[in-house]
Number of protein chains: 4
Amino acid sequence: MYLLLDEKGNSYLIKGETDFHSKYGVINAEELRGKTPGESIESHTGRRFSVLEPGKLDYIRKARKGPQSVTLKDLGLITAHTCISSGSRVVDAGTGSGIMAMYLSNLVYPQKLVTYEIREDFAEIARGNFRKAGIENIELRLDDIYEGIKEKELDLITLDLPEPWRVIEHARESLKPGGYLVSYSPSINQSKKLFDCLEGFRSETLECLSRNWNMETVRPHSRMLGHSGFLSFARLVEKN
Amino acid sequence: MYLLLDEKGNSYLIKGETDFHSKYGVINAEELRGKTPGESIESHTGRRFSVLEPGKLDYIRKARKGPQSVTLKDLGLITAHTCISSGSRVVDAGTGSGIMAMYLSNLVYPQKLVTYEIREDFAEIARGNFRKAGIENIELRLDDIYEGIKEKELDLITLDLPEPWRVIEHARESLKPGGYLVSYSPSINQSKKLFDCLEGFRSETLECLSRNWNMETVRPHSRMLGHSGFLSFARLVEKN
Amino acid sequence: MYLLLDEKGNSYLIKGETDFHSKYGVINAEELRGKTPGESIESHTGRRFSVLEPGKLDYIRKARKGPQSVTLKDLGLITAHTCISSGSRVVDAGTGSGIMAMYLSNLVYPQKLVTYEIREDFAEIARGNFRKAGIENIELRLDDIYEGIKEKELDLITLDLPEPWRVIEHARESLKPGGYLVSYSPSINQSKKLFDCLEGFRSETLECLSRNWNMETVRPHSRMLGHSGFLSFARLVEKN
Amino acid sequence: MYLLLDEKGNSYLIKGETDFHSKYGVINAEELRGKTPGESIESHTGRRFSVLEPGKLDYIRKARKGPQSVTLKDLGLITAHTCISSGSRVVDAGTGSGIMAMYLSNLVYPQKLVTYEIREDFAEIARGNFRKAGIENIELRLDDIYEGIKEKELDLITLDLPEPWRVIEHARESLKPGGYLVSYSPSINQSKKLFDCLEGFRSETLECLSRNWNMETVRPHSRMLGHSGFLSFARLVEKN
């Protein structure tokens, strides 16, 4: 796979098996395959593209997504507020288009990440995203996490579900002492209901706003995402 | 090491070698050593504490810090916008109290993280923090990164320095194609000057606000950190 | 009354009847009374103060306040989203320390602003604030607005009350068609309950964050108010 | 003039001289003229509209605007941080589409507000907006405020100009002691340059973020204005 970047800041993830027709002209496949990452290539109209080897982040950015997919700022907050890393045991639900699973699987590698989804149509989209990104350490279960979690001794459970409070009892069984249940909810009402049901957990709820600056003019961009979701971090402190 | 949590939400990181005198009474060391994580213990006045095994995050939270230490939200943003993980080759400068290095070393483990610091007094604080956290994959260099970077083929360079633009040429040599230079600066003027000096990089500058909610009353807390630093992400796209 | 500003940016509202002992030395009362606004005066230790005639804003800033007093940013939002001005008929409740009433009375002058308060202790604080600011167009009623609003044909009703929904029926009677009911609530739950009870109104709920910059270093201040209250603007569109 | 509100929350400002063709059917002009504010009217397809008498805010919302027009949150902040009201002497520049002038003229009425604009095309748009709103207390000068301000004894000067620092000397002459120079700038660089040129003023620079909530689902809207402009408030404290 190749990552091409044009002069306008757009990026393209391509296989390089056939010529690539961009709006700035055609990139010849054979010439592209002769390039080393960090070199540039010209289209037939003379426009320049940078050639890179795509990283995990590029696959995540280019993955097929639903309208409410978790954002990078929230993925970052989850990482920093749980400190998971290689070897961490993580379960995720619902898979949706698989963005959360893709991101987390990269962090815990070579540990396997398990993700639960009940809808076969979502699972199919997610599997496609995993395949394109060459990710092999994700196990997608077509199962209802409200019914239970098979995995035990977990460091982290991440939820992007309409009724996260229905997972609390299972989380208590499956988390290690000190492990985290993290729930991502668009409505503060969901966070509140989760909060009211937590017992034996220490929790905090926060939201994160990220703002991009235009550094040519040294001003924030007018367009900004005003809200993605509220993140609740519940740490299991008492395990019976 | 033990992590104790009292009923008010305060946490204590202790060795358990001697009795611990908290403001809610004394915790007996011998009794503590008999506890399993997830159990609770009572002080001599009958106040209850939860007992946990501390994780990396607990050591980071309890580390000795300078006044402008990088925050969790910013550490998270760096992780998410670069997707580094186990095995990633990362250089950090300046070390300061070592928070950034502690956090990153956990992500790249077992890969060694290299951090540059010119001030011996800061280095000493950082070494103390690494030691307490039991971190062994950090190499602290008492060196001036403005003078050069010895490491090559890097995935990420993180900077928390007054003049980050002085590292650009070294970063160009030391980063892999597609690798990231990330600079954390309190003033937008520093970000602007960095931006104006970048060539052969694709960059974006952003800031992140994180807001905690009081879930008893369902309102954001009044106290909030209005600013930590601006984060500039510069990706090396052209390597000569 | 005189407004003195010292070199550090602090301001002092004084009568000038007796010498003023500041931490930068003593200001002589007689000398002060000889000054014209825009001139400066020196303390006995040679520190310089600017002398101004205080404006309404200075009295508001210096008024005695409760812990949850409405902020300038919220007062501004109320003004801009209702466009009240001289002659507008406004009722306010509860008075609290009277900040909202002071601010609104200045806008509607010479129209009288009516403010309801049930607690005599709060009313006493508010009256003191009005007196010091020389405000005469406020009528403070020691009455429970939940029981009814005597005034009719109102342009605006502002509420800073724990149960604002109990005023909706009275507001419907007392507002002009097109008039506004504005409620300021710390908890989003209060705003939600109000929202669910509104009928015949068009409403929107918003919150406002204001961030100060340090222009010496060109960075936002670290300290920031993370939350004051949610503002709900309900416009009466159907009057039976 | 009539303000019609449909069931979807859209509003329409119409003269009522001819039938109004909305996307929800035709409103009969004669029937409309028989309505009292607060009543409702049906279109020929049976859709209901509320009928109101438009207020100043409705004219501002419906005015013809440029792409970077000042927002309500910023107008509010200017009001609250200066406490201008009926009788205040205010000069505004540049007029642009006249939104700032419309808003301020309502506050200072019956005092005349003066607004400077050098571009005849902008002035023409602004005059159209003033006329439609029935505003008569605005004097639009086709003049360059960088060259001087004729008005004296001002309480407030508001600037929405590319080089606000060029007005400082004129402001010093024209403001009352204690009066305010307020500058609205998209780029923090403009605010910084203004700040560096202020002498004899006390200033603060701030920015304001306003976020709307969806109260059906109790979550902030995803769409949000990430930036309009930085507001610098400079108060003249020393008048030579």
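The values are calculated or read from the model by the stated rules, or taken from the named source; none is laboratory data. Small disclaimer: the values here were computed from a predicted structure and weren't measured. So basically every Cβ, Gly included, is an ideal-geometry build from the backbone, and we count neighbours across all protein chains shown. Each accessible area value is taken on the protein alone, full model and side chains, heavy atoms only, with ligands, DNA and RNA left out. Shrake-Rupley method; radii C 1.70, N 1.55, O 1.52, S 1.80 Å.
Remarks
- Checking each residue in the range D:182-197 for being of a type in the set (S, T, N, Q) and open to solvent by less than 20 Å² (accessible area, probe 1.4 Å) picks out D:Ser183, D:Ser185, D:Ser187, D:Ser191.
- Of all residues in the range A:63-94 being polar (S, T, N, Q) and within 14 Å of the chain's Cα centre (by Cα), the one that is nearest to the other protein chains (Cβ to nearest Cβ): A:Thr79
- Of the candidates C:Gly229, C:Gly179, C:Gly200, the single residue that is open to solvent by less than 30 Å² (accessible area, probe 1.4 Å), within 14 Å of chain B (Cβ to nearest Cβ), closer than 30 Å to D:Pro54 by Cβ and touching a residue at least 40 places away in the same chain (Cβ under 8 Å) is C:Gly229.
- Each residue in the range A:95-114 was checked for being over 18 Å from A:Thr82 (Cα atoms) and in contact with a strand residue (DSSP E or B) (Cβ under 8 Å, 6 or more places away or on another chain), and 2 of them qualify.
- All of D:Gly25, D:Gly55 fail the test of being of a type in the set (Gly, Ala, Ser) and within 13 Å of another protein chain (Cβ to nearest Cβ), apart from D:Gly55.
- Checking each residue in the range D:203-225 for being within 8 Å of chain A (Cβ to nearest Cβ), free of Cβ contacts under 8 Å to residues at least 12 places away in the same chain and buried (at least 18 other Cβ atoms within 10 Å of the Cβ) picks out D:Val218, D:Arg219, D:Pro220.
- Any chance B:Ala101 is among the aliphatic types (A, V, I, L, M) and closer than 19 Å to B:Ser228 by Cβ: yes
- Residue that is most open to solvent (accessible area, probe 1.4 Å), among those in the range C:1-25 that are under 27 Å from the mean Cα position of the chain (by Cα) and hydrophobic (A, V, I, L, M, F, W, C): C:Met1
- Checked against the criterion of being assigned by TED's automatic domain parsing to the domain that holds A:Ser174, surrounded by fewer than 24 Cβ atoms within 10 Å (Cβ to Cβ) and out of contact with any helix residue (DSSP H, G or I) (no Cβ under 9 Å at 6 or more places or on another chain), the candidates A:Glu120, A:Glu147 yield just one match: A:Glu120.
- Residue match in the range C:112-125 (condition: among the polar types (S, T, N, Q), more than 22 Å from C:Ser203 (Cα to Cα) and part of a loop (DSSP other than H, G, I, E, B)): no
- Qualifying helices (runs of 4 or more DSSP H) (wholly inside the range A:1-83; at least 2 residues being within 19 Å of B:Ile78 (Cα to Cα)): A:56-62, A:72-80
- Residues that are touching a helix residue (DSSP H, G or I) at 6+ places or on another chain (Cβ under 8 Å) and closer than 24 Å to A:Arg202 by Cα within the range B:218-240 comprise B:Val218, B:Arg219, listed in sequence order.
- Any hit, the range B:32-44, residues being within 11 Å of chain A (Cβ to nearest Cβ), among the charged types (D, E, K, R) and open to solvent by 80 Å² or more (accessible area, probe 1.4 Å): no
- The lone criterion from (1) modelled with pLDDT of 95 or more; (2) open to solvent by 30 Å² or more (accessible area, probe 1.4 Å) left unmet by C:Gly66 is number (1).
- Residues satisfying the stated conditions in the range A:194-214, i.e. part of a strand (DSSP E or B) and in contact with a Ser or Thr (Cβ under 9 Å, 6 or more places away or on another chain): A:Arg202, A:Ser203, A:Glu204, A:Thr205, A:Leu206, A:Glu207, A:Cys208, A:Leu209, A:Ser210, A:Asn212, A:Trp213, A:Asn214
- If you go through the range A:29-54 and keep only what is without any contact (Cβ under 8 Å) to a residue 40 or more places away in the chain, in contact with a strand residue (DSSP E or B) (Cβ under 8 Å, 6 or more places away or on another chain) and not charged (D, E, K, R), you end up with A:Ala29, A:Leu32, A:Thr36, A:Pro37, A:Gly38, A:Ser40, A:Ile41, A:Ser43, A:His44, A:Thr45, A:Gly46.
- Some residue of the range A:163-173 being more than 21 Å from the chain's Cα centre (by Cα), open to solvent by 60 Å² or more (accessible area, probe 1.4 Å) and within 22 Å of A:Met102 (Cβ to Cβ): no
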